[in-house]
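Here is the structure we will look at, set down as structure tokens.
Values quoted throughout were computed directly from the atomic coordinates according to the rules given, and no laboratory measurement underlies them. As the structure is a prediction and not an experimental result, all values here were calculated from the model. Please note: Cβ atoms are built from the backbone with ideal geometry, for glycine as well, and neighbour counts cover all protein chains shown.
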Amino acid sequence: MKAIDNLKQGNVEWVEKIKQQDPKFFDELAKGQSPEFLWIGCSDSRVPATEITGTMPGSIFVQRNIANMVVNTDTNLLSVVYYAVKALKVKHIIVCGHYGCGGVKAAMSNERLGFIDNWLVNIKNVYKMHSKELDAVEDEDKRFDRFVELNVIEQVQNLAKVSFIQEDWDNGEFPYIHGWVYGLKDGLVRDLDCTINSNEALQRVYQYNS
């Protein structure tokens with residue numbers, strides 16, 4: 001129970017620190033949210049969205065799952081994205097993976113891990129799509145890192161295939177979808193230069209008519 005008590009005490013100390021910096025912060029926060037960003041990240045405890053971007057509560061709307069996946073049948077994720085795009089009017093969606101991702105590492109193996117194997121199939125499918133490139137990388141650590149990057153890039157593409165995102169693109173330039181990778185060893189974010197804000201780069205079969 002001491003660990004739980006430490007969390008509670010940490011909360012009290014955090015509140016006092018924020019109030020010292022801005023006495024009206026929580027009053028303003030309670031009025032509502034208008035974040036500019038949606039973050040789709042990994043559930044890994046080492047990759048908290050606000051901390052690694054130096055932002056405060058209210059800045060980023062967040063969805064997290066194992067290996068930052070965008071699965072087009074995931075109603076939880078799609079509901080979050082829909083609310084972020086349609087209600088909150090976020091301008092940027094960031095898919096952020098991280099080097100050393102346990103989910104991606106597990107997807108590289110052939111071990112049975114139980115129920116989670118069903119989720120890992122989505123990541124294994126990414127490996128299959130890029131197997132020629134990945135199998136050519138002899139160094140396992142470098143292959144792992146590249147798989148992390150390719151997984152993020154594919155999730156950006158999966159988001160672009162979502163019908164209601166394309167619907168918003170018919171009416172303007174937003175939202176932009178970005179792919180990032182976070183480095184656990186240095187704390188820095190790397191932009192994978194795969195930003196997209198239209199369906200033009202998708203294969204024709206994925207493009208909805210405006």
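Below are the figures for this structure:
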item: Built amide H within the under 5 Å cut-off of Ile60, gap 5+; result: none
item: Full-stretch length increase - Ile116, Ser59 - with 0.36 nm per residue and alpha-carbon distance subtracted; result: 17.4 nm
item: Calculated from backbone phi, Karplus (6.51, -1.76, 1.60) coupling profile of region 144-160 in Hz, x at Gly/Pro; result: 4, 4, 5, 4, 4, 5, 5, 5, 4, 4, 5, 6, 4, 5, 4, 5, 5
item: Tensor-based shape of the chain (alpha-carbon gyration tensor, a/c under 1.5 rounded, otherwise prolate or oblate); result: oblate
item: Sites Ile4 and Ser45 - FRET efficiency at Förster radius 25 Å, r taken between beta-carbons, to 0.05; result: 0.95
item: Gyration tensor verdict on region 64-127 (Cα atoms; rounded if a/c is under 1.5, prolate if a/b is larger than b/c, oblate otherwise); result: prolate
item: Rounded to whole Hz, the Karplus (6.51, -1.76, 1.60) HN-Hα couplings of region 193-199, x for glycine and proline; result: 6, 10, 4, 9, 9, 7, 8
item: Percent antiparallel among DSSP beta bridges (both partners in region 63-194, rounded to 5); result: 30 percent
item: Rough spin-label spacing in nm, given labels placed 7 Å along Cα→Cβ, for Asn72 and Asp170; result: 1.7 nm
item: Per-residue HN-Hα couplings for region 63-73 [Karplus 6.51, -1.76, 1.60; θ = phi - 60°; Hz; x = Gly/Pro]; result: 10, 9, 8, 5, 6, 6, 8, 10, 9, 6, 10
item: Rounded FRET efficiency, nearest 0.05, which uses the C-beta distance separating Glu140 from Asn209 and R0 of 45 Å; result: 0.50
